[in-house]
Structure formats: structure tokens, C-alpha cells
2 protein chains.
Amino acid sequence: MTIREDEIIASLATFFREHPRVSLGPGDDAALIVEIPGREIAISIDSSYEDVHFTLDTLTLREIGHRALAGALSDLAAVGAEPLTFLVDIQLPRRLASRAPEIYEGMEELMNAFCVSPCGGNLSRGDKLGLSVVVVGEVTRGKAISRGGVQPGDLLVITGDIGRVRGWLLAEELGLSRSYEPWLRRLREKFARPWPALRQIQRLAMDVNLHAAIDISDGLGVDSWRLALASEVELVIDPEQLPIDDSVRMIAERAKRPPWEIALESGEEYEVLFAISPEDEPKLSRLNFPATVVGRAREGRADSRIIVNGTEKSLSSLGYDHFAG
Amino acid sequence: MTIREDEIIASLATFFREHPRVSLGPGDDAALIVEIPGREIAISIDSSYEDVHFTLDTLTLREIGHRALAGALSDLAAVGAEPLTFLVDIQLPRRLASRAPEIYEGMEELMNAFCVSPCGGNLSRGDKLGLSVVVVGEVTRGKAISRGGVQPGDLLVITGDIGRVRGWLLAEELGLSRSYEPWLRRLREKFARPWPALRQIQRLAMDVNLHAAIDISDGLGVDSWRLALASEVELVIDPEQLPIDDSVRMIAERAKRPPWEIALESGEEYEVLFAISPEDEPKLSRLNFPATVVGRAREGRADSRIIVNGTEKSLSSLGYDHFAG
């Protein structure tokens, strides 16, 4: 049985909803978004590919869809934008041709939570599954947060907790992933169903001046280094302060590795690292979500460093690199 | 020798230029585009993958880059939008890691011709080369052209000529492609360096009311059928009127197929099919680029048909389908 491209696209059309700002949606060559004066459109693309970012035996198609949209929305969180709509480009193997709607089904919870729906996309055949999600958001002109604003003396703060994604991958490497222990499920939860820090950053920005922010999609290690480069300051991360879940400590023990190392190299967490003035620190404790001070910025070379047992080292290489190694 | 992801990204940064409407460009989690009242943002994504849309022994990396951007810009042409900026998502095999700049080099001619430059992107490792280009354009509010406006009685007009892309693929199948005959070069030219019909559509829209338009990226056959569906009219294409280059007639003879069939199934031509009132036809002849009447719309079922030797047949299946067959 073969399925036609137009039939697959029609099966996805049920996920497309009208949006007051989208004046021409899917089914045309381009989508149209009505502009508003005094605002800026924020746009970003994020991709995930079978056997690079995931395998089909560790994640369901729904989870793959969820993660792809979560990752793209996290880029909007990092610049302080509010989501408007998104486009999905799918590279679909023939063997999955009739199952494409499951990818969109996996996106529905995030679509409902953040009031977004797709406005367009693209479909091609591929040997392996690939997903690119383009998110379109909006921010008041001049209010976007960039990577370039960290000031010496600033505190570095991170949303949520870190390490569980790398922890889950370690559990798989160690052959523990088929077990049903609760701490393994805690690891898998962050890997399979990450939640972008959109609300947290919007809430924070109401009370606090966020000097700079970055989505730590490649891990706090390498991404804090990228933040240091963009802001031309030196960052010092304190391994003792990292927000690490007990489940990560469990896997660290089994892997005979320090938990802070797992936390620093854990990518696709979709948490946001941001910089604030020290006088704003007391406001963090009044929030009803985790926001943890993990380090500090100082004058120096553009680098991110960690001090372990009195020895400093650069974090520039601690994270996922698609081409290294 | 390995190359780091950040090094590859840095090697691409030379292609990024400042744009008055792009307030935050590459190097951040999202790009920002300043909004203007009374306008609409047009956005589209178009992808091409090794061994699906091209192979590395038939196209250079520069040509692959050129085609990817041309295809995406063509979507903006079809809705009558003017390009602002674009984002490129690259899936890069390790074997090509140091050659990524060639892809952008291939885009430079189009970047210069249409005053666009990239504002962001994404880079992942992949087994095969893949390119997704997201284009962002702009149109005066309410002035965009959709697929849904064809009226019974309208003339169907196409920019440029059609058939050379499919003609080139036939030349490859027949083993003729290594020859240097001029007509083969004419075929390859359209395949390797298509040019989006942006200027033509903008010029046309100054004089003529374009009722509807579609980018014929999957071929005039299936895409005219999609136009018919969206507008709920019946379209009749006249095979005698199709703008077919002599080079296509040469390959048609060798392949023992009618030239019109090759023209109708030829995809990735990036020409635009549009509908106008018959009274606007005389204005077409005053243009200094080809715009050919190829058919007519009439009341009837939503379908696109062709009459050959007195027999009518539907064009719904004549074109490239990623999943059929």
C-alpha cells in the first residue's frame, strides 16, 4: 500500500488551527503573519535527526515530535520572546509514511500550553527521520535578551535542574535503561519530554533585568563558554551549586563519574542560563520555580571556567560537538 | 584532522551581513526582525536532501546551495512577497565538514541580486547532506497572492519556460549527460542554477491584478491540480501552448516521449503559475520577460485537466510525489 504525499499532508492538516495573527496559513507557498508596530519578530530553527539526536527504539514518534518543538521553543525562551506560530519540515522514511500524524500528536501538549499552532511546513522522503522546527515569536522592540550583555560582577542563574539528559544516555550505555526503577524514570522524563523555560523567563523578566541569556542546548559547559565569548567576560561556574537531581547522583555513582561533570556536559536540557545583578538575587527566592545561582562573571579573558579541587579549567570543550572526536 | 562545530559556524559567519530590518542576527538563540505596521511577514521553508533531490556527483556544493536558496525564494515569489532575510539549517556529513562555506558561496549571487543575507541557522552532523532554507519576506497587508483566488474564465499564465529540469534528469538516465552539446548545457543550466521569479511577479503585480499564484515546485501537472483544488475551479491546460525550450524537444525525441509530458512533470523549475482576467492579457506582451498563457479556468469540479488528441485527462498524478510508486 502506498500513500501519496498530498494524503500525508492532509492527515497533518487537522493539527493546524486559526490564529489571530496568522493571516495565511498552511496550504499556500508561504505563511503570512500580521505585523504590529513596536514589536520584533523572533525566529529560530532547530533540528533533530534519527541516529544523531535520537533513535527510534529509545523514543516514540510522539516523544520525538514533543522534543523537536520543545527545543525550538526554548530558543524563543532564551531571547525572552513569546511564541506566535511554527513551521515543521519533516524528512520521512517510507516505512513511517502513514505515521506522520503521531509526530504532530506529540506536539499537541506544547501547542496547547503555549497557544501556538503550525502555519506551514515541508515534507520530503528521507532514509531516516529528520525534523526541523522553525519557531516564530515576538518581543517588544528593544526588550529582547541577547547573549552579549553579561557584566563583570553579574550572577549566573539557571532555570530547572541539569544533568538528567546525559544521565539517561549514560543509563543506556550501561544497559540500565530497561529497568523500571523510579530514578531511571526521572532521568528519562527530562530526555523524552523536556519543557521549555518560556514561562519562567517571561515571569523573571517582569521583576528582574536579565542582562543576557542563552539556551543550554549543547550543555552548560560549552554554552556558558559561548555566553562568555559573546559578552567578552570571564565566567566562573561553581560545581557545588549546580542544581542536580538525585537521579543524576545515582547514575554518576554507577558510572564512577562526578555528578557535576555529567551536569555540565548534558545537552538538550532546554534550560536557560541568564545573568543578573547581585542585588536582584533576593527576588529569585520568591519565584515558584527553580532558578539557581551557579556562578559569577568577572573581568578577564572571554572564557568560562570551573574550579575543582583548587584547579581551574576551561569549559570550552565540555559539551556536545557534532564534529569533534 | 577534525574540525569543531564552532569553527565551521565561524567559517560561515563571513556571509552574514547587517540588514536594516534585522536587529539581532546570527550568534544568538533567535534572530529578530523589526516589525512595520501595515505589512505582513511571509515565511516559508524548503528542503533538499542528498540522494532525494540531488546527488553529489551531478551538482557541486555551490550549485546545491544556489538551488536551495532559489527554491525557498520562489515560495516568496508565489505569494508576491519581497525577501527580507533567511536562515539555513545544514545537515553536514563529516566528509564535507570543512567544505560548508562552499554552500554559502553558491548562495551569494542570489543574496546580491535580491539584497538578502542569512540571519541565523543551525548545523548538525548527518550521514548525508541536507539543506533546509527558511525565507522571511514581507508584503503590504492584504496584497499577498494566495492559491485560492482563481475565477472561472481566468487565464492561466506561467513565467519562464518549463521542462528543462526533467529533461536534464532524462539525459542522465539515458547516459547523455557527460556530452558537451549546447542543448544539454541548456537543460543542465535550469537544473543547476534556477532563478526564482521574484522580479517578474513583482513587476506583473504593478500592472495586473494577480488573482492567484502557485510555485510549480513539483511540476505544472500536479501543482496546477493543487491550484484547482484550492480555488475550487476546473483548469484546462493546452499542451500546444506550453513554453518549451528546443533543448526539451531534443531530449523528448531521444526519450521517445511527447515534450508536453516532460514539461508537465518537470519539478524544481521554480516558475510561478498565476491567474489573471482575460482583459489583462494584452499587458503581458509589454513585459520584457516570458509570461505565457497556458490554459484557462472554468466552472466544474476542482481538477486540472489536459486535452490531448481529443481525450481529456486529469493532471492530479502527473508530477513528483515523494511517497507514491
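Select from region B:74-89 the residues that are more than 9 Å from every other protein chain (Cβ to nearest Cβ) and touching a helix residue (DSSP H, G or I) at 6+ places or on another chain (Cβ under 8 Å) and write down the one among them that is farthest from B:ILE158 (Cα to Cα). Steps first, answer last, please.
In the first step, residues of region B:74-89 are kept if they are more than 9 Å from every other protein chain (Cβ to nearest Cβ); the result is B:80, B:82-84, B:86.
Next, from what is left, pick out any that are touching a helix residue (DSSP H, G or I) at 6+ places or on another chain (Cβ under 8 Å): B:80, B:82-83, B:86.
On the way: B:GLY80: 14, B:GLU82: 19, B:PRO83: 21, B:PHE86: 26 Å.
Step by step, filter region B:74-89, then rank; the result is B:PHE86.
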- Message: Cβ-Cβ distance below 9 Å, separation of 6 or more or different chains: which pairs start in region A:137-156 with a residue that is within 14 Å of chain B (Cβ to nearest Cβ) and in a loop (DSSP other than H, G, I, E, B) and end on one that is at pLDDT 95 or above and surrounded by fewer than 16 Cβ atoms within 10 Å (Cβ to Cβ)?
- Response: A:GLY148/A:GLU232; A:VAL150/A:GLU232
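Residues that are closer than 24 Å to A:PRO196 by Cα: which strands (runs of 3 or more DSSP E) entirely in region A:240-325 hold 3 or more of them? Spell out the reasoning first.
On the way: elements: A:272-276, A:291-298, A:303-308, A:311-314.
The strands (runs of 3 or more DSSP E) meeting that bar are A:272-276, A:291-298.
Results for (1) charged (D, E, K, R); (2) farther than 27 Å from B:ALA81 by Cα; (3) at pLDDT 90 or above; (4) surrounded by 20 or more Cβ atoms within 10 Å (Cβ to Cβ), shown as yes or no for each residue.
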| site | (1), (2), (3), (4) |
| --- | --- |
| B:GLU7 | yes, yes, no, no |
| B:ARG21 | yes, no, no, no |
| B:LEU32 | no, no, yes, yes |
| B:GLY38 | no, no, yes, no |
| B:SER44 | no, no, yes, yes |
| B:SER47 | no, no, yes, yes |
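Regarding B:SER98, is this residue in contact with a helix residue (DSSP H, G or I) (Cβ under 9 Å, 6 or more places away or on another chain), modelled with pLDDT under 95 and either within 12 Å of chain A (Cβ to nearest Cβ) or assigned to a strand (DSSP E or B) (or both)? Even if it seems obvious, please write down each step before you answer.
Numbers: in contact with a helix residue (DSSP H, G or I) (Cβ under 9 Å, 6 or more places away or on another chain): yes; modelled with pLDDT under 95: yes; either within 12 Å of chain A (Cβ to nearest Cβ) or assigned to a strand (DSSP E or B) (or both): yes.
Answer is yes for this residue.
Which of the residues that make up region A:248-290 are small (Gly, Ala, Ser) and buried (at least 24 other Cβ atoms within 10 Å of the Cβ)? Break it down stepwise before answering.
Kept after step one, since they are small (Gly, Ala, Ser), are these residues of region A:248-290: A:252, A:255, A:263, A:266-267, A:275, A:277, A:285.
Answer for region A:248-290, where residues must be small (Gly, Ala, Ser) and buried (at least 24 other Cβ atoms within 10 Å of the Cβ): A:ALA263, A:SER266, A:ALA275.
Mind telling me which of the residues A:ARG62, A:ARG21, A:ARG17 ends up being within 12 Å of chain B (Cβ to nearest Cβ) and charged (D, E, K, R)? If you could, list the steps in order and put the result at the bottom.
Working: A:ARG62 fails: within 12 Å of chain B (Cβ to nearest Cβ); A:ARG17 fails: within 12 Å of chain B (Cβ to nearest Cβ).
Matching residue, one of A:ARG62, A:ARG21, A:ARG17: A:ARG21.
So that you can scan it fast, the table gives a plain yes or no per residue for (1) closer than 19 Å to A:GLU105 by Cα; (2) touching a residue at least 60 places away in the same chain (Cβ under 8 Å); (3) not assigned by TED's automatic domain parsing to the domain that holds A:PHE86:
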site	(1), (2), (3)
A:PHE15	yes, yes, no
A:HIS19	yes, yes, no
A:PRO26	yes, yes, no
A:GLU35	no, no, no
A:ILE45	no, yes, no
A:TYR49	yes, yes, no
A:PHE54	yes, no, no
A:LEU59	yes, yes, no
A:ALA70	yes, yes, no
- Hits in region A:214-236 (condition: assigned to a strand (DSSP E or B) and surrounded by fewer than 24 Cβ atoms within 10 Å (Cβ to Cβ)): A:GLU234, A:VAL236
- Just one of (1) touching a residue at least 40 places away in the same chain (Cβ under 8 Å); (2) closer than 30 Å to B:GLU253 by Cα trips up B:LEU169, so point out which. (1)
- For A:ALA78: the one exception among (1) in contact with an Asp or Glu (Cβ under 8 Å, 6 or more places away or on another chain); (2) hydrophobic (A, V, I, L, M, F, W, C); (3) farther than 27 Å from A:GLU35 by Cβ; (4) part of a helix (DSSP H, G or I): (3)
- Lone unmet requirement of (1) of a type in the set (A, V, I, L, M, F, W, C); (2) in contact with a Gly (Cβ under 6 Å, 6 or more places away or on another chain); (3) in the same structural domain as A:ASP223 (by TED's automatic domain parsing) for A:MET107: (3)
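Taking region B:284-301 on its own, how many of its residues are under 24 Å from the mean Cα position of the chain (by Cα) and touching a residue at least 24 places away in the same chain (Cβ under 8 Å)?
In the first step, residues of region B:284-301 are kept if they are under 24 Å from the mean Cα position of the chain (by Cα); the result is B:284-285, B:287-297.
Those still in the list that are touching a residue at least 24 places away in the same chain (Cβ under 8 Å) too: B:284, B:287, B:289-297.
Here the count works out to 11.
Can you find a residue in region A:41-50 that is in contact with a Cys (Cβ under 9 Å, 6 or more places away or on another chain) and part of a strand (DSSP E or B)? Quick ask: steps written out before the conclusion?
First, pick out the residues of region A:41-50 that are in contact with a Cys (Cβ under 9 Å, 6 or more places away or on another chain): A:43.
Applying the additional criterion that residues be part of a strand (DSSP E or B) yields A:43.
The answer is yes, given that some residue of region A:41-50 is in contact with a Cys (Cβ under 9 Å, 6 or more places away or on another chain) and part of a strand (DSSP E or B).
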- Item | Top-ranked residue in region B:190-213 [being surrounded by fewer than 16 Cβ atoms within 10 Å (Cβ to Cβ) and more than 14 Å from the chain's Cα centre (by Cα); ranked as farthest from B:ILE45 (Cα to Cα)] | B:ASP207
- For region B:72-98, the count of residues that are of a type outside the set (A, V, I, L, M, F, W, C) and more than 18 Å from B:ASN122 (Cβ to Cβ) equals 7
- Could you run through region B:117-128 and say how many residues are more than 10 Å from chain A (Cβ to nearest Cβ) and surrounded by fewer than 24 Cβ atoms within 10 Å (Cβ to Cβ)? 1
- Considering region A:272-325 alone, what residues qualify as being modelled with pLDDT of 90 or more and acidic (Asp, Glu)? A:GLU279, A:ASP280, A:GLU281, A:GLU299, A:ASP303
- When you go through A:GLU281, A:GLU232 one by one, which is the residue that is in contact with a Gly (Cβ under 9 Å, 6 or more places away or on another chain), within 27 Å of A:LYS313 (Cα to Cα) and in contact (Cβ under 8 Å) with a residue 24 or more places away in the chain? A:GLU232
- Query: Conditions: (1) under 16 Å from the mean Cα position of the chain (by Cα); (2) at pLDDT 95 or above. B:PHE54 meets all but one. Number of the miss?
  - Reply: (2)
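Could you run through region A:1-29 and say how many residues are part of a loop (DSSP other than H, G, I, E, B) and polar (S, T, N, Q)?
1
The values are calculated or read from the model by the stated rules, or taken from the named source; none is laboratory data. Here the structure is a predicted model, which is why all the values come from computation and not from measurement. We place every Cβ from the backbone using ideal geometry, glycine too, and count neighbours over all the protein chains shown.
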